[in-house]
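The numbers here are math on the coordinates, done by the rules we state, and not lab data. Because the structure is predicted, anything quoted here is derived from the model rather than measured. Reconstructed Cβ throughout: ideal geometry from the backbone, glycine too, with neighbour counts over all protein chains shown.
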Amino acid sequence: MAKYRHALPLAERDAFLSDGGLETTLIFHEGVDLPHFASFTLLSTQEGRRQLEAYYARYLAIARKRGVGFILDTPTWRANADWGALLDHDAVTLDRVNRQAVTFLESLRAQWEGPSTPCLINGVVGPRGDGYKAGRMEADEAEDYHGVQIGSFANSAADMVSAVTMNTVGEAIGIARAARAQSMPCVVSFTVETDGRLADGTSLQEAIESVDRQTDGSPAYFMINCAHPTHFAHALENGEPWLARVQGVRANASSRSHQELDESTTLDEGDPVDLGRRYVALRRSLPALRVLGGCCGTDHRHIAAICEAVLPAQGA
């Protein structure tokens, strides 16, 4: 049974942490083979589950030390039909994988959750295509397609779902509608290019306002992920009402473009201390920002640096 699905405790706290770049950490730091960036494949073996547990534990320890909440993301960014087919996973197998991911995180929550560290289990829904290239899904198609994975989460103990690394409005709308239809709290997280716009040229403001308008404001909140703060900070300076809908940021460590990252054979870890300072500036622009995490190239060191910069008075 879901613990927080009907009353997410986000508004009760100043900050929730999330993890960093799961796939980039496993691949570049730990030498794990993740075909098609599919981290859910690790759930099928004892060694894989051990690697995932060790990964999450580093972040949960930071949250416990700081006395803040934590959002436990399932490793299911690639666990949809098209990507699953590349790994010979059919619909039955993918349903089992998505629910298994939630069960795995339930065991972690049992170990780490405490009164000062509530842990929300978040079912991650990734794009149907490449998160670095604009897709072409219309809202109705996206609702049908992603509704299958969301249904797996709805039939589990997941507290919420998040559409992560979205780069088109239609796909985001479809996911939000599918989540609403299955009574799942939903977060939409957009990624942007170096100009602060989605891959098809849509501005963040247009994207967020369009999703809200066409879903009756159903997303619990919005996020920005898989981009460096220098790519989007300038788009957050107008002080307009839509900025209050952005409650989370999971930035990349690197200021490189998506194309440059895609073509790179080495990991650009950036500067954790500098990234922390940039989150301080983001908090000034985003009045409701409370979910703090990282994306490609970040690890527990970056999250610790963000905490040190943003939450200096909240250490336990």
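Once the C-beta distance of Ala110 and Ser257 is scaled by a Förster radius of 41 Å, the resulting FRET efficiency is 0.50 to the nearest 0.05. For Cα Rg over 2.2 N^0.38 Å, the listed values are (i) 0.95; (ii) 1.00; (iii) 0.90; which was obtained by calculation from the structure presented? Answer by label: (iii). Entry for region 170-316 at q = 0.08 Å⁻¹: log10 I(q)/I(0) = -0.22, Debye formula applied to identical alpha-carbon scatterers, no solvent contribution. Karplus-based coupling profile of region 98-107, in residue order and whole Hz: 5, 6, 5, 4, 5, 4, 4, 6, 4, 5, with θ = phi - 60° in 6.51 cos²θ - 1.76 cosθ + 1.60 and x standing for Gly or Pro.
Panel order for Cys186, Cys296, by other beta carbons found within 10 Å of each beta carbon, from fewest to most: Cys186, Cys296.
The modelled label-to-label distance between Ala7 and Ile27, using points 7 Å beyond Cα along the C-beta direction, is 4.2 nm. A simple spin-label model places pseudo-atoms 7 Å from Cα toward Cβ; at Ser264 and Leu87 they are separated by 2.4 nm. When Lys65, Lys3 are sorted by how many other C-beta atoms sit within 10 angstrom of their C-beta, beginning with the fewest, the order is Lys65, Lys3. In a fully extended conformation the segment linking Arg96 and Asp144 would gain 15.4 nm over its present Cα-Cα distance, using 0.36 nm per residue. Most simply put, the chain has about 5% antiparallel DSSP beta bridges, counting only bridges with both residues inside it.
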